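*Asks:* Once you've had a glance at the structure underneath, I'll fire off some questions.
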Amino acid sequence: QVQLVESGGGLVQLGGSLRLSCVASGFAFNVLAMKWYRQAPGKARELVATISSAGSNTNYADSVKGRFTISRDNTRNTVYLHMNSLKPEDTAVYYCNAGTTYRDAVGFGSWGQGTQVTVSS
């Protein structure tokens, strides 16, 4: 059974930093790309960042380039999202998912509960 458990969210001030974690189980983590998404109130879920199975390739949404970094630890079945210079528009529930390639936005695992990130101004 695919399971994705996100954590690390919280309330942070403008310009602050957070590190999100997503622990995966129930599938071959080290052969799949991993992705972070977010969903703000009243908006559709959007792709934030992706990383290839070995961690050698990444992609970012234009809105987070230069501020967010995605990484993974295949020994721990964990993907991370390091977020710096946070802005109020980054406020959202953040989710992770798996996919066959880091080049697209398709995620096929069951969605976890997500982790709430709130940036105050």
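*Asks:* I'd like the Karplus ³J(HN,Hα) series for segment 23-38: coefficients 6.51, -1.76, 1.60, θ = phi - 60°, whole numbers in Hz, and an x wherever there's a Gly or Pro.
*Replies:* So the J values, rounded to whole Hz, are 9, 10, 8, x, 7, 7, 3, 6, 10, 10, 5, 10, 9, 10, 10, 8.
*Asks:* Rounded, prolate or oblate: which fits the chain when a ≥ b ≥ c are the square roots of the eigenvalues of the alpha-carbon gyration tensor, with rounded for a/c under 1.5 and prolate only if a/b beats b/c?
*Replies:* It comes out prolate by the Cα gyration axes.
*Asks:* Each residue of segment 108-121 in turn: what ³J(HN,Hα) in whole Hz from Karplus with 6.51, -1.76, 1.60 and θ = phi - 60°, glycine and Pro shown as x?
*Replies:* So the J values, rounded to whole Hz, are 10, x, 6, 6, x, 7, x, 9, 7, 10, 10, 10, 9, 9.
*Asks:* Per residue, how much accessible surface does segment 1-47 expose to a 1.4 Å probe? Answer in Å², no decimals.
*Replies:* 54 Å²
*Asks:* Length gain on complete extension for the stretch ALA61 to GLN116, per 0.36 nm per residue less the alpha carbon to alpha carbon distance?
*Replies:* Gain on extension, ALA61 to GLN116, equals 17.9 nm.
*Asks:* Using amide H atoms built 1.01 Å from N in the peptide plane, name the residues 5+ places from GLY10, or on other chains, whose amide H lies under 5 Å from its own.
*Replies:* VAL117, THR118
*Asks:* Starting from the Cα of SER25, step 7 Å along the direction of its Cβ; do the same at VAL5; then give the gap between the two resulting points in nm.
*Replies:* 0.6 nm
*Asks:* Work out the FRET efficiency for GLU46 and SER85 from their Cβ-Cβ distance, taking R0 = 22 Å, and round it to the nearest 0.05.
*Replies:* 0.75
*Asks:* Taking all protein chains as present, what is the carbon and sulfur share of the accessible area of the chain, in % to the nearest whole number, probe 1.4 Å?
*Replies:* 48 percent
The values are calculated or read from the model by the stated rules, or taken from the named source; none is laboratory data. Every value quoted in this text rests on a predicted model; they were computed, and no experiment measured them. Cβ: placed from backbone, ideal geometry, glycine included. Neighbour counts: every protein chain shown. Surface accessibility is based on the protein's heavy atoms, side chains included, excluding ligands, DNA and RNA. Shrake-Rupley method; radii C 1.70, N 1.55, O 1.52, S 1.80 Å.
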